[in-house]
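Reviewing the structure listed below.
The values are calculated or read from the model by the stated rules, or taken from the named source; none is laboratory data. Because the structure is predicted, anything quoted here is derived from the model rather than measured. All Cβ positions, even for glycine, are placed from backbone atoms using ideal geometry, and neighbour counts span all protein chains on display. Protein only, heavy atoms only, side chains kept; ligands, DNA and RNA dropped before computing areas. Shrake-Rupley method; radii C 1.70, N 1.55, O 1.52, S 1.80 Å.
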Amino acid sequence: MGRVEPIPVTLVTEPTRLLALGPDTALLRLPANSGHGHPDGDNCIACAGRNDVRAMLFDLLEGAKQGLRPAFKNVVVDASAVPDPGQVVAALTGKLPAQAMRDHTVARLFYLVG
């Protein structure tokens, strides 16, 4: 397997700032509400797995490697519904501790732009 080029990630935090997506761009949308009885922003193990941007980026990468989704060269993360986009920035810039080996893979292969 050859060297994988780092993949730029653009973070959108305002719904009016969504970008036009090119053919080599993948879109990830982070949901706001869990829908299962607690206020937005509360810590919950079920929501943590669903909102973990590093896990989502890893799954995106693995899906492309396995041919389950089209290859991509850029990623746009729509975090406009997330109560605290600062947590997404922290996850993408290495400010949060790694929870799994996938987090190290994401740190090596994805970088936040803008």
The one condition in (1) touching a residue at least 60 places away in the same chain (Cβ under 8 Å); (2) aromatic (Phe, Trp, Tyr); (3) buried (at least 17 other Cβ atoms within 10 Å of the Cβ) that PHE58 fails to fulfil: (1)
Subset of segment 16-38 [open to solvent by less than 90 Å² (accessible area, probe 1.4 Å) and either in contact with a Ser or Thr (Cβ under 8 Å, 6 or more places away or on another chain) or modelled with pLDDT under 60 (or both)]: LEU18, LEU19, ASN33, SER34, GLY35, GLY37, HIS38
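Quick grid of which residues meet (1) crowded, with 17+ Cβ neighbours inside 10 Å; (2) under 22 Å from ALA32 (Cβ atoms); (3) within 11 Å of the chain's Cα centre (by Cα):
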position	(1), (2), (3)
LEU68	no, no, no
LEU92	yes, yes, yes
GLN99	no, yes, no
ARG108	no, no, no
Among residues of segment 68-80, those that are farther than 14 Å from MET56 by Cβ and aliphatic (A, V, I, L, M), counted: 2
